[in-house]
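The values are calculated or read from the model by the stated rules, or taken from the named source; none is laboratory data. Not measured: the values here are computed from a predicted model. In this analysis, Cβ positions are derived from the backbone assuming ideal geometry, glycine residues included, and neighbour counts consider all displayed protein chains.
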Protein chains: 2
Amino acid sequence: MRTSLTERLGIDFPLFAFSHCRDVVAAVTNAGGFGVLGAVAYSPERLDQELSWIDAQVNGRPYGVDVLVPGKIDPGAADPGAHLLDLVPERHRDFLAHLFRKYGLGLPGGPMEPGADEAGRRVTPEGATGLIDVALRHPIGLIASALGPPPPAMVDRARAAGVPVAALVGTVEHATRQVAAGADIIVAQGTEAGGHTGEVSTMVLVPQVVDAVAPVPVLAAGGIAEGRQVAAALALGAEGVWCGSVWLTTDEAETPPVVKRKMLAATSRDTVRSRSRTGKPARQLRSAWTEEWDGAPESPGPLGMPLQLLLAEAAMAQVGQAAESGNPGARELANYFVGQVVGQMNQVKPARQVVYEMIKGYGDAVERLRGITDA
Amino acid sequence: MRTSLTERLGIDFPLFAFSHCRDVVAAVTNAGGFGVLGAVAYSPERLDQELSWIDAQVNGRPYGVDVLVPGKIDPGAADPGAHLLDLVPERHRDFLAHLFRKYGLGLPGGPMEPGADEAGRRVTPEGATGLIDVALRHPIGLIASALGPPPPAMVDRARAAGVPVAALVGTVEHATRQVAAGADIIVAQGTEAGGHTGEVSTMVLVPQVVDAVAPVPVLAAGGIAEGRQVAAALALGAEGVWCGSVWLTTDEAETPPVVKRKMLAATSRDTVRSRSRTGKPARQLRSAWTEEWDGAPESPGPLGMPLQLLLAEAAMAQVGQAAESGNPGARELANYFVGQVVGQMNQVKPARQVVYEMIKGYGDAVERLRGITDA
């Protein structure tokens, strides 16, 4: 099997696996795909450790790193001297305290925790630079920008290191803008994807992006968890696929057990695109958290990024712990980013097996298409 | 080219073209596809004339008819003795009058017009029966139920006439329910589709429906306007595709000129899923009509089906006339049902040419997939 990307990146199957979990990244790379580690949750020091671990596992096989560099963030948070937590309005603190009371969780320790400024700053162009520098000291085969055009410094450093830059987009306009900003590979992500996502579906978006940025190669993302969907993505003109959700219920994933159980039970109708976890629209499991922020009359509405991200991450860490201790209110609130393919994720498997089944399913789908066409 | 449906229905290419316009139906059937006439806008007498015209055009080639039989309608409207227009609340009449004033349209004559009861009744199971009886007196090759399970009378009459019954669904649960109710073919329609639609994308929905109803054949709908998308749909396991939007900008389409121009200019981000035209969520062009009903603080919110449908159809007929006379407010309000593929509809073409380009594009996509796979 060969596309422009299998050759260029030295992989057997053009499957890019986005995960925050180093074990998934290494497993997919070792199975013939291309693992991409989401770096946003790590400090530069911690990222360095994670990548060293991956280096030791993959024996020279290629993998990549993904950073989050939004084009627009809360204007207050853009001031490098700001204490981000001071920017969280009283109304939002009060609403969070109300939610914690209502769901039997005690007091939110949430956005007051140490390290929040640093964590929030990592999703600014300046903050991401530290992560990019660390990543480029490792033998990575790709660096991806998950939101917004890759900043010039990222493109320059990656070019100097000979590392291709990928950029995720949800619209045709963003795709052409990302290519103008120096992206070497475009990930066209449909609305059905987990995490930050636009409104246009993969089926509609991919062919338009392919035509708009040709000859720049396009990966399809959103709605891809099995071989038939890989075949469909390549039929649309993609040179490969980018999958994130499907790894969340693998053996290797560090998904909190309560969330993993919810995902295994969920149908494709149980996700929602909501600003309530990061400040930007992101698809995730529908839960009391999304329902309250987006629908409760007393909700002040989510903050911008990164403030809502800080507030939500801290709160959800507490929620996760309480849920594991059996707190029923916490179980109602618990959720995580996932795409509509959650309805196809009904069994815990090793990541390697997911890759092999995808390759097998892809082959079967192409065979079926041959049969239909040649008859 | 052969799938279970090309053989069963006697067509060259498994492309089902839904249109309210008899010229499109005949053109697609004559080009080797399968035209399906949407019957909801017609009285039984008028439908009989339309089908006789098609019969004369297609020379025995197969075509079908689509009726709208929602499972749930406004309870008041379900009473066969009710005057439907009496059920439109004062608040909704007032809001409509306010909209007409605001957009410079004079007084709405809208929901008061004669024939409204009959039109509204056609989307009830009893009302649809008249259309079904007329359809089955013609040599149709398919009868489709566009919303809700096909009623038992429809299934019985179609079976007796040897005509397969198709049913449109937006969820896996509805698909299994429709098969249990007697559907012979399932149309799995993703959220990106125009008209009444669910929330799950085509990419995610189709493989799940295929698995859930096997061996019942599945058509993919939503996001399909060109050959690459047909190939993708078949890769997902569909036996064919069902397209509606793409015909709206053909030469043959009776789309009002103002709406046609909006569609040619629209991107894939310019649609919205809204209850404002029929009472049930339906994807359509975003316009002042959808923004006002769904977002204005003074909006009473859309009514149920069929009341909102009656109110909106009458209002939009007036809006369309005023828009053609150059009224700028009317141009802001004007819209119509269309899917996200509207971003790919940038040129007026004969329907026949759309079919031929789709067949050619399909072949190219399969060829590309062979090249990738065999390399």
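Can you pull out the residues in the stretch B:126-147 that are over 20 Å from the mean Cα position of the chain (by Cα) and either buried (at least 23 other Cβ atoms within 10 Å of the Cβ) or assigned to a loop (DSSP other than H, G, I, E, B) (or both)?
B:R137, B:H138, B:P139
Answer yes or no as to whether A:A317 is surrounded by fewer than 20 Cβ atoms within 10 Å (Cβ to Cβ) and either in the same structural domain as A:A193 (by TED's automatic domain parsing) or assigned to a helix (DSSP H, G or I) (or both).
yes
Please pick out the residue among A:L264, A:L310 that is surrounded by fewer than 23 Cβ atoms within 10 Å (Cβ to Cβ), away from chain B (no Cβ under 14 Å) and hydrophobic (A, V, I, L, M, F, W, C).
Selected residue: A:L264, the only one of A:L264, A:L310 that is surrounded by fewer than 23 Cβ atoms within 10 Å (Cβ to Cβ), away from chain B (no Cβ under 14 Å) and hydrophobic (A, V, I, L, M, F, W, C).
What single numbered condition from (1) touching a helix residue (DSSP H, G or I) at 6+ places or on another chain (Cβ under 9 Å); (2) modelled with pLDDT of 80 or more; (3) not small (G, A, S) fails to hold for A:E118?
The one condition A:E118 does not meet is (2).
Let me confirm something: among B:V216, B:V258, which residue is surrounded by fewer than 24 Cβ atoms within 10 Å (Cβ to Cβ) and more than 20 Å from the chain's Cα centre (by Cα)?
B:V216
Surrounded by fewer than 21 Cβ atoms within 10 Å (Cβ to Cβ), closer than 21 Å to A:L9 by Cβ, out of contact with any strand residue (DSSP E or B) (no Cβ under 9 Å at 6 or more places or on another chain) and free of Cβ contacts under 8 Å to residues at least 60 places away in the same chain - does that describe any residue in the stretch A:159-172?
Among the residues of the stretch A:159-172, at least one is surrounded by fewer than 21 Cβ atoms within 10 Å (Cβ to Cβ), closer than 21 Å to A:L9 by Cβ, out of contact with any strand residue (DSSP E or B) (no Cβ under 9 Å at 6 or more places or on another chain) and free of Cβ contacts under 8 Å to residues at least 60 places away in the same chain, which makes the answer yes.
Just to be sure, is B:Q208 in contact (Cβ under 8 Å) with a residue 24 or more places away in the chain, farther than 20 Å from A:A266 by Cβ and surrounded by 22 or more Cβ atoms within 10 Å (Cβ to Cβ)?
When the stated conditions are applied, B:Q208 does not pass them.
Can you spot a residue in the stretch B:44-56 that is hydroxyl-bearing (S, T, Y) and buried (at least 20 other Cβ atoms within 10 Å of the Cβ)?
no
Going by the structure shown, is B:D251 within 23 Å of A:Q340 (Cβ to Cβ), surrounded by fewer than 24 Cβ atoms within 10 Å (Cβ to Cβ) and in contact (Cβ under 8 Å) with a residue 40 or more places away in the chain?
No; evaluated as a whole, the condition is false for this residue.
Exactly one of these conditions fails for B:P150: (1) away from chain A (no Cβ under 13 Å); (2) in a loop (DSSP other than H, G, I, E, B); (3) surrounded by fewer than 24 Cβ atoms within 10 Å (Cβ to Cβ). Give me its number.
Here B:P150 clears every test but (3).
Taking A:A238 as meeting all but one of (1) closer than 25 Å to A:G64 by Cβ; (2) surrounded by fewer than 24 Cβ atoms within 10 Å (Cβ to Cβ), write down the number of the exception.
So the condition that A:A238 fails would be (2).
Please work out if B:S287 is within 30 Å of A:A231 (Cα to Cα), buried (at least 21 other Cβ atoms within 10 Å of the Cβ) and hydroxyl-bearing (S, T, Y).
Details: within 30 Å of A:A231 (Cα to Cα): no; buried (at least 21 other Cβ atoms within 10 Å of the Cβ): yes; hydroxyl-bearing (S, T, Y): yes.
So B:S287 fails the test.
Quick check on the stretch A:66-78. Is at least one of its residues away from chain B (no Cβ under 14 Å), surrounded by 22 or more Cβ atoms within 10 Å (Cβ to Cβ), without any contact (Cβ under 8 Å) to a residue 40 or more places away in the chain and not small (G, A, S)?
No, there is no match, as no residue in the stretch A:66-78 is away from chain B (no Cβ under 14 Å), surrounded by 22 or more Cβ atoms within 10 Å (Cβ to Cβ), without any contact (Cβ under 8 Å) to a residue 40 or more places away in the chain and not small (G, A, S).
Would the stretch B:253-267 turn up any residue that is in a loop (DSSP other than H, G, I, E, B) and more than 24 Å from A:P207 (Cβ to Cβ)?
Among the residues of the stretch B:253-267, at least one is in a loop (DSSP other than H, G, I, E, B) and more than 24 Å from A:P207 (Cβ to Cβ), which makes the answer yes.
How about the stretch A:333-375: which of its residues are outside any helix (DSSP H, G or I), among the small types (G, A, S), within 12 Å of another protein chain (Cβ to nearest Cβ) and in contact (Cβ under 8 Å) with a residue 12 or more places away in the chain?
Residue satisfying the conditions is A:G339 alone.
Answer with yes or no whether A:V169 is farther than 21 Å from A:V40 by Cβ, at pLDDT 95 or above and within 14 Å of another protein chain (Cβ to nearest Cβ).
no
Given the criteria free of Cβ contacts under 8 Å to residues at least 24 places away in the same chain, at negative phi, assigned by TED's automatic domain parsing to the domain that holds A:G170 and not small (G, A, S), does A:V272 qualify? Please lay out each step first, then the result.
Numbers: free of Cβ contacts under 8 Å to residues at least 24 places away in the same chain: yes; at negative phi: yes; assigned by TED's automatic domain parsing to the domain that holds A:G170: no; not small (G, A, S): yes.
No, not satisfied.
Going by what's in this entry, would B:P111 be described as buried (at least 19 other Cβ atoms within 10 Å of the Cβ), assigned by TED's automatic domain parsing to the domain that holds B:E324 and at pLDDT below 95?
yes
Which residue, of B:S201, B:S245, is without any contact (Cβ under 8 Å) to a residue 24 or more places away in the chain and under 25 Å from A:A232 (Cα atoms)?
B:S201
Working carefully through the options A:G279, A:G343, find the one that is at positive phi and within 20 Å of the chain's Cα centre (by Cα).
A:G279
Residue check: is B:A144 in contact (Cβ under 8 Å) with a residue 12 or more places away in the chain and farther than 23 Å from B:Q308 by Cβ?
Details: in contact (Cβ under 8 Å) with a residue 12 or more places away in the chain: yes; farther than 23 Å from B:Q308 by Cβ: no.
Here the answer is no, as B:A144 does not meet what is asked.
Hey, which of the helices (runs of 4 or more DSSP H) in the stretch A:1-80, taking only ones fully inside, have at least 1 residues that are in the same structural domain as A:V169 (by TED's automatic domain parsing) and in contact with a Lys or Arg (Cβ under 9 Å, 6 or more places away or on another chain)?
A:22-30, A:44-58
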